[in-house]
1. Specify the residue that is least open to solvent (accessible area, probe 1.4 Å); the eligible residues are those in the stretch 127-153 that are part of a loop (DSSP other than H, G, I, E, B) and of a type in the set (S, T, N, Q).
2. Restricting the stretch 270-284 to residues that are open to solvent by less than 70 Å² (accessible area, probe 1.4 Å) and at pLDDT 80 or above, which is farthest from residue 311 (Cα to Cα)?
3. For the stretch 187-205: of the residues being in a helix (DSSP H, G or I) and touching a Phe, Trp or Tyr at 6+ places or on another chain (Cβ under 9 Å), which is farthest from residue 85 (Cα to Cα)?
4. Just to be sure before I move on: is residue 156 crowded, with 20+ Cβ neighbours inside 10 Å and under 19 Å from residue 91 (Cβ atoms) in the structure I sent?
5. Do you know which of the residues in the stretch 242-261 that are in a helix (DSSP H, G or I) and open to solvent by 60 Å² or more (accessible area, probe 1.4 Å) is farthest from residue 229 (Cα to Cα)?
6. Being touching a residue at least 60 places away in the same chain (Cβ under 8 Å), part of a strand (DSSP E or B) and under 16 Å from residue 66 (Cα atoms): is that true of residue 13 here?
7. Do we have residue 184 as in contact (Cβ under 8 Å) with a residue 12 or more places away in the chain, open to solvent by less than 30 Å² (accessible area, probe 1.4 Å), under 25 Å from residue 235 (Cβ atoms) and part of a helix (DSSP H, G or I) here?
8. Out of all the residues in the stretch 219-235, which are without any contact (Cβ under 8 Å) to a residue 12 or more places away in the chain and over 18 Å from the mean Cα position of the chain (by Cα)?
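The values are calculated or read from the model by the stated rules, or taken from the named source; none is laboratory data. Being a predicted model, the structure only gives us computed values, none of them experimental. Reconstructed Cβ throughout: ideal geometry from the backbone, glycine too, with neighbour counts over all protein chains shown. Please note that ligands, DNA and RNA were not included when accessible areas were found on the heavy atoms of the full protein model with its side chains. Shrake-Rupley method; radii C 1.70, N 1.55, O 1.52, S 1.80 Å.
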Amino acid sequence: MSPSPPLICARHLRKHYAGRPVVQDVSFALAAGETLVLLGPSGCGKTTLLKMLNRLIEPDSGTVEVGGHDVRTLAPETLRRGMGYVIQQAGLLPHYTVAENVAVVPRLLGHAPAAITARTEALLTRLHLPPAQFAHQYPQQLSGGQQQRVGLARALAADPPIVLLDEPFGALDPITRTAIRRDFRELEELLRKTIVLVTHDVGEAFELADRILLLDAGRVQQLGTPRELLFRPANEFVRRFFAPDRLALQLRTLRLADIRPFLPAATAVVASAPRLAPTLSVQQALEQLTDSVEEQADAALFLAADSTAGLGHRLTLPHLMAAFGQALQLEDAAWKR
């Protein structure tokens, strides 16, 4: 069976402003349901590239295809109604209520009023904005984090297959940013979307991306999974870009399944002890382990053994970090071969 064609395909995109190259010969293909993060230093062309996808910016040369259609053959408004779009600081209409902001695109598409109301209320509820409290408020009555949640609800209201996000969490304080990122990651409506996200936050990129497109001065430095960029950098720029955050990124990238071979032998699982999924990152396991120890000094966490029911590897902080170190050595050696 042949693979499905990409949902988004960009070929040899270029853009200059006043003779200065901003995007230089960028190509990539994005499968349906995939999340691509555009990452790089300020001024590297991330936002310009994102806006070429929905024709907010027209390239000087090159093509963008969506669903097999050259976007130049589509009316811009038709193209954009099929793409959710979220920007930093939400960009809400100040004279519209929260409910009216969320309903903008469904109304333009002629959806039934009852369906719009139901969809709006469902999205606000899932984004922790109870409709009874927030639907009739205006943007200026909301906090920055609440405005971003409304912006996300608006982008999803018409259930578009593609969602574009331009630094959507960039203006928020760290605590609010972490909370909204968690909501974003867990929101059911996003699980089947094709997402392109611009960020300058390396941790955010590694947390949310299936693949990362790393740019510098408008050129692609590397396109690959977070693991590939971290352990197999294509050039010195890629290596240096991630060097300051390398340990934190390694903790996010390696999974419990990766370190399981280096944990102590499996034992019987304590019935009341929490069980950790092998897909959890070492960082997530570390956070759960720290929380458990704070609550109860002798608390135990278990990672299920590979194939033996009822057995698991008991995790302690020393076990976790020792196994992480050994797995890291193996990973580094594998990429160097």
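1. 137
2. Residue satisfying both the conditions and the ranking: 283.
3. 202
4. Answer is yes for this residue.
5. The selected residue is 261.
6. No, not satisfied.
7. no
8. Correct list: 233 only.
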